[in-house]
Amino acid sequence: MNKLALFLLGAFCMISPRLALAVTDRSELPLDLTSSYVGYAAIAIFVIAYLFVMAEEFTHLRKSKPVILAAGIIWAMIAWVYQSHPGLEALPEHAIRHNLLEYAELMLFLLVAMTYVNSMEEHRVFDTLRVKLVGSGLGFRALFWITGVLAFFISPVADNLTTALLMCAVVLAVGGENKRFVTLACINIVVAANAGGAFSPFGDITTLMVWQKGMVSFWGFFALFIPAAVNFLVPAAIMHFAVPDEKPQTGAEAVFMRRGAKRIIALFLLTIITAVSFHNFLHLPPVIGMLTGLAYLQIFGYYLKKSAHKDVTGDVQIGDVVPFDVFAPIARAEWDTLLFFYGVVACVGGLGFLGYLGLASELMYSQWGATTANISVGILSAIVDNIPVMFAVLSMHPEMSTGQWLLVTLTAGVGGSLLSIGSAAGVALMGQARGQYTFFGHLKWMPVIALGYAVSIWVHFQINASLFD
């Protein structure tokens, strides 16, 4: 097997099961099945499932469905093989339980964050921002920069998908039939949203994973602020000259935030503070702090319900009976994304359990070196979702400095901007701005985006040189 094939297979490998007790007897170690028919079949099944994921835009088959099915088949094959090895039957069970624990922590964390974002959307926080931007009377170039900058600074708190959709709504509202402006502004938003998510533990699933694994401290991520900003500003500065120097024609629209919106924003910030404090000072998983923050929202929802008669405007938020029901925004969470996340964790966890993790780690971090491997991770994430790629790196647990962990966090976060299909933000905007923002429209500007990618890496090495010691 050549090195490229080994790298591609290894990039899909993930969590190597860590047993609760120290293992001294080699008979208790997982079997090496990398050269077995089960190993090859597992790789084939996952690759086929992921091809369906990549073709979601054309097949309209939700991405969670193929990976969940693949996960069940892979682990069933593994368990079936272990049944013929007396004394090892329980190892697959221990491994999958460990994977489920990893998934549960991240899933619940993301669920709380999504609930808060949906609650703010329900209370018209984002609509109010959109209307103010649309009615500002600014030109296309000014709106190009404003939507990009807002995407860069909102995505560290909200997810890059929600941020991109919000800013794209502004672009479509003011851009109208000006396809050139819409295309350039959407590219700028995708790059900005992905870059903004790279310097915050809350900005992307990959940064959240790195933080929860303890590879980088909460405040350590902010060392990536300048490299991430460079990643956004370099292509934006070049694309600026291609944006039409005109003013759009816009109509007036009045939208106001609903009762309790500002307090929900404050509670979300308090929830983030709680999660960070629980992790840093009490050494508890951040998800415990986030779930505590969900209780803040639930209690506030109870208050809104009991005090609804005091709302003199008569503006109720859900129907005529319940002013605010916290379970409504929970139900509207991105369940397809959360279930896709489970499928990835289980599938790649199975490949790691089969033994491919060690092969990939040896190739990437021993032969290539950490810098080459981490830059390659970013390029790979433009084709394959960055979630399994980052899980693979975390599972390999290579001995790296903080600077190298920040490098792979940066590249995995912004590498998806190289192609429109490389991130959730890009895929979503292709659907939202169908016919105006396209794969080939984005591809035309890939050299400029790649320049920003390269410069941001160089800047990281320069300003964070002390972290590579």
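The values are calculated or read from the model by the stated rules, or taken from the named source; none is laboratory data. Values in this document were obtained by computation on a predicted structure and should not be read as measured data. Every residue, glycine as well, gets a Cβ built from its backbone with ideal geometry; the counts of neighbours run over all protein chains shown. The area values use the complete protein model at the heavy-atom level, side chains included, leaving out ligands, DNA and RNA. Shrake-Rupley method; radii C 1.70, N 1.55, O 1.52, S 1.80 Å.
Annotations
A quick yes/no check of all residues on (1) on the phi > 0 side of the Ramachandran plot; (2) aromatic (Phe, Trp, Tyr):
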site: Tyr116; (1), (2): no, yes
site: Met120; (1), (2): no, no
site: Gly137; (1), (2): yes, no
site: Ile146; (1), (2): no, no
site: Val157; (1), (2): no, no
site: Ala173; (1), (2): no, no
site: Gly196; (1), (2): no, no
site: Phe202; (1), (2): no, yes
site: Val210; (1), (2): no, no
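- Test for Ile379: is it in contact (Cβ under 8 Å) with a residue 60 or more places away in the chain and open to solvent by 30 Å² or more (accessible area, probe 1.4 Å): no
- Hits in the range 325-376 (condition: open to solvent by 30 Å² or more (accessible area, probe 1.4 Å), in a loop (DSSP other than H, G, I, E, B) and either free of Cβ contacts under 8 Å to residues at least 12 places away in the same chain or not acidic (Asp, Glu) (or both)): Arg332
- Considering (1) over 15 Å from the mean Cα position of the chain (by Cα); (2) within 21 Å of Ser155 (Cβ to Cβ), the lone condition that Met364 does not fulfil carries the number (2).
- Close contacts from the range 278-298, counting a first residue that is closer than 11 Å to Phe109 by Cβ and a second that is at pLDDT below 85 and surrounded by fewer than 14 Cβ atoms within 10 Å (Cβ to Cβ), with Cβ to Cβ under 8 Å and a gap of 6+ residues or different chains, come to none at all.
- Test: Val216 is touching a residue at least 40 places away in the same chain (Cβ under 8 Å), outside any helix (DSSP H, G or I) and in contact with a helix residue (DSSP H, G or I) (Cβ under 6 Å, 6 or more places away or on another chain): yes
- Scope the range 387-441; condition assigned to a loop (DSSP other than H, G, I, E, B) and open to solvent by less than 10 Å² (accessible area, probe 1.4 Å); matching residues: Ala433, Tyr437
Quick grid of which residues meet (1) of a type in the set (Lys, Arg); (2) modelled with pLDDT under 85; (3) open to solvent by less than 60 Å² (accessible area, probe 1.4 Å); (4) closer than 30 Å to Ser217 by Cα:
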residue	(1), (2), (3), (4)
Phe268	no, no, yes, yes
Thr274	no, no, yes, yes
Asn280	no, yes, yes, yes
Leu294	no, no, yes, yes
Lys305	yes, yes, no, no
Gly314	no, yes, yes, no
Val322	no, yes, yes, no
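- Filtered residues of the range 76-124 (kept if touching a helix residue (DSSP H, G or I) at 6+ places or on another chain (Cβ under 6 Å), more than 21 Å from Val287 (Cα to Cα) and of a type in the set (S, T, N, Q)): none
- Any hit, the range 201-220, residues being more than 20 Å from the chain's Cα centre (by Cα) and either open to solvent by less than 10 Å² (accessible area, probe 1.4 Å) or under 21 Å from Glu122 (Cα atoms) (or both): no
- Unmet criterion (only one of (1) more than 30 Å from Ala450 (Cα to Cα); (2) open to solvent by 40 Å² or more (accessible area, probe 1.4 Å); (3) not in a loop (DSSP other than H, G, I, E, B)) for Arg258: (3)
- Residues satisfying the stated conditions in the range 224-255, i.e. more than 28 Å from the chain's Cα centre (by Cα), open to solvent by 40 Å² or more (accessible area, probe 1.4 Å) and modelled with pLDDT of 90 or more: Phe241
- Index of the failed condition, Asp127 passing every other in (1) touching a residue at least 40 places away in the same chain (Cβ under 8 Å); (2) out of contact with any helix residue (DSSP H, G or I) (no Cβ under 9 Å at 6 or more places or on another chain); (3) open to solvent by 40 Å² or more (accessible area, probe 1.4 Å): (2)
- Among residues of the range 63-107 being under 21 Å from Asp204 (Cβ atoms) and of a type outside the set (Ser, Thr, Tyr), the one that is surrounded by the most Cβ atoms within 10 Å (Cβ to Cβ) is Val67.
- Filtering the range 111-124 for residues that are open to solvent by 50 Å² or more (accessible area, probe 1.4 Å), in contact (Cβ under 8 Å) with a residue 40 or more places away in the chain and either over 29 Å from the mean Cα position of the chain (by Cα) or under 30 Å from Ile187 (Cβ atoms) (or both) leaves a non-empty set.
- Being open to solvent by 40 Å² or more (accessible area, probe 1.4 Å) and either closer than 19 Å to Met446 by Cα or over 23 Å from the mean Cα position of the chain (by Cα) (or both) is a condition met by at least one residue of the range 155-176.
- Residue check for Ala79: under 18 Å from Pro388 (Cβ atoms) and of a type in the set (Gly, Ala, Ser): no
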